[in-house]
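Everything below concerns the one structure shown next.
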Amino acid sequence: MNLAGLPHRRAFALAWPAIVGNITVPLVGLVDTAMLGHFSDATNIGAVALGSTVLSAVMWLVGFLRTGTTSLVGRALGAGRDDAAVTHAQRAALLALALGGGAVLLQWVAVPAIMAVLAPAGEVRELAIQYAWIRFASVPAALLTLVISGWFVGAGDTKRPLAIVATVNVVNLVLDIAFVGGLGWGAAGAGWATVVAEWLGLALALALWWRAAPARIRDAARRWRGRGLRSGWRRLAAMNTDLFIRTAILYSVLTFVTAYGARLGPEILAANAILMQLMLLASYGQDGYAHAAESMVSREIGRRDVPVFHRAVLASAVPAVAIGAVFTLLYLVASGPFIAVLTSLPEVTAAADTYIGWVVWLPLASSLAYLFDGVFLGSGRTRAMVITMAESALLVFVPVLLIGFAWLDDAPNHDLWRAFLLFNVARGVFLGIAYARITRRGAWLEGAHA
């Protein structure tokens, strides 16, 4: 295929706001870690890492509110069905309210129980519980913001989500510096900074959506009753269940890496938290073209234009791999300064230096996984995402981990990171195989109605 004939400009126009917005997300985590790394100790760093694991689990597991909304709204708008697009978003908003309220009610029992599994009794566990309880106050706002951002991406608008996430993260960053660095509140200060920022972000998201929506969309949004809203929940539930299971598998792998690191001592836990932040910085940057693919793919599937669909995929794939290579090169030559920015604790720095080699290659190794995630999300092929994620975990991550523990003469933390690297390679390979199979069958439009 001629690369010059691909929709590169359209992909870039969608990708760059997503890249900028995505990168600000781990930057806040980096600021959290840096503030605690310089103004606190390994105990607070580890507590935030464990507390964030619980909150991230909630946000990751309900990430279908954003991705599912994008897929359904994008396909409906592509087919010219504006009322259906609004109804999809309304169902997602109601689901977000129910899930957010449930999370706030259950946190008082769930958080201590989860922390008892993730970390041994002691100061780290107690600080992590306190941090998580504070952070849960932001969950309802964050879930509703996911739905609004999903609408924007499905409508081919990634600039307004950039404005939302940038505002949230700048406010979070400023308050983080004030509460942690200025007032010395430690892990609790990092939690309160996020709570304030998330609720301000929801207010901005609602205002931007209302101003951007055409009159016909606003009129449809005012109608919260009717047969259209009462029906269609089964299709939403099927897609969201697939996305929930897929994300649960992925997050189980990430949680295992964090939890096992906690068993290896506070220095290893803190070092792994720093390495995870570097991994997330790269992954959020790479997700920009995955968002572009998701938006373009959903619209072309809605229009039933398969040739343009494939051109959109290729236009996103080339720069996605290139960005992964750039991050790998950056970490290869500048990993030391990155670690130095995040912590000045000698024992944590030494541990991070020991294991950074695995993180260096993760961006390039994971690039196809991120890209194909966007393709399969946009096209609504969520069942394939569940299958390939399960294959990657059960056929690659677990066996490689067990082989490392049993036979390789490495420290356990090396075994963890080796398995995690190959797990991400496998995700891209298995999704690529699924893409080729669906293409050979000519089946991309099967079940595409939204």
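The values are calculated or read from the model by the stated rules, or taken from the named source; none is laboratory data. Bear in mind that the values here come from a model prediction, so they are computed numbers and not experimental data. With ideal geometry, Cβ positions are generated from the backbone for all residues, glycine too; neighbour counts draw on all protein chains shown. When the accessible area is computed, the model is the full protein with side chains, heavy atoms only, and any ligands, DNA or RNA have been set aside. Shrake-Rupley method; radii C 1.70, N 1.55, O 1.52, S 1.80 Å.
For Arg160, the criteria (1) in contact with a Pro (Cβ under 9 Å, 6 or more places away or on another chain); (2) open to solvent by 40 Å² or more (accessible area, probe 1.4 Å); (3) over 21 Å from Gln90 (Cα atoms) hold in every case but one, which is (3). Residues in region 311-324 that are open to solvent by 40 Å² or more (accessible area, probe 1.4 Å) and either more than 24 Å from the chain's Cα centre (by Cα) or not β-branched (Val, Ile, Thr) (or both): Arg311, Leu314, Ala322. Scanning region 272-305 for residues that are open to solvent by 40 Å² or more (accessible area, probe 1.4 Å) and at pLDDT 85 or above returns Arg299, Arg303, Arg304, Asp305.
Checking the condition modelled with pLDDT of 80 or more, open to solvent by less than 40 Å² (accessible area, probe 1.4 Å) and within 21 Å of Leu254 (Cα to Cα), which residue from Val73, Val62 passes? It is Val62.
Among the candidates Ala197, Ala215, Ala205, Ala221, single out the residue that is out of contact with any strand residue (DSSP E or B) (no Cβ under 8 Å at 6 or more places or on another chain), open to solvent by 50 Å² or more (accessible area, probe 1.4 Å), under 21 Å from Val147 (Cα atoms) and not aromatic (Phe, Trp, Tyr).
Exactly one residue qualifies, and that residue is Ala215.
If Leu445 passes every condition in (1) open to solvent by 20 Å² or more (accessible area, probe 1.4 Å); (2) within 30 Å of Arg91 (Cβ to Cβ); (3) of a type in the set (A, V, I, L, M, F, W, C); (4) in a helix (DSSP H, G or I) but one, which one does it miss? Exception for Leu445: condition (4).
From the list Phe423, Phe372, which one is open to solvent by 20 Å² or more (accessible area, probe 1.4 Å) and within 19 Å of the chain's Cα centre (by Cα)? Being open to solvent by 20 Å² or more (accessible area, probe 1.4 Å) and within 19 Å of the chain's Cα centre (by Cα) holds for just one of Phe423, Phe372, which is Phe372. Considering only region 150-188, state which residues are outside any helix (DSSP H, G or I) and closer than 29 Å to Ala293 by Cβ. If the condition is that a residue be outside any helix (DSSP H, G or I) and closer than 29 Å to Ala293 by Cβ, then Ala155, Gly156, Asp157, Thr158 are the ones that fit. Looking at Ala128, Ala119, Ala132, just one residue is over 22 Å from the mean Cα position of the chain (by Cα), modelled with pLDDT under 85 and open to solvent by less than 10 Å² (accessible area, probe 1.4 Å), and that residue is Ala119.
Could you please find all residues in region 188-203 being closer than 8 Å to Ser138 by Cα and of a type in the set (Phe, Trp, Tyr)? Spell out the reasoning first.
Going residue by residue through region 188-203, those that are closer than 8 Å to Ser138 by Cα are 194-196, 198-199.
Selection gives Trp199 alone.
Can you confirm whether Leu94 is modelled with pLDDT of 85 or more and among the aliphatic types (A, V, I, L, M)? Spelling it out, Leu94 is indeed modelled with pLDDT of 85 or more and among the aliphatic types (A, V, I, L, M).
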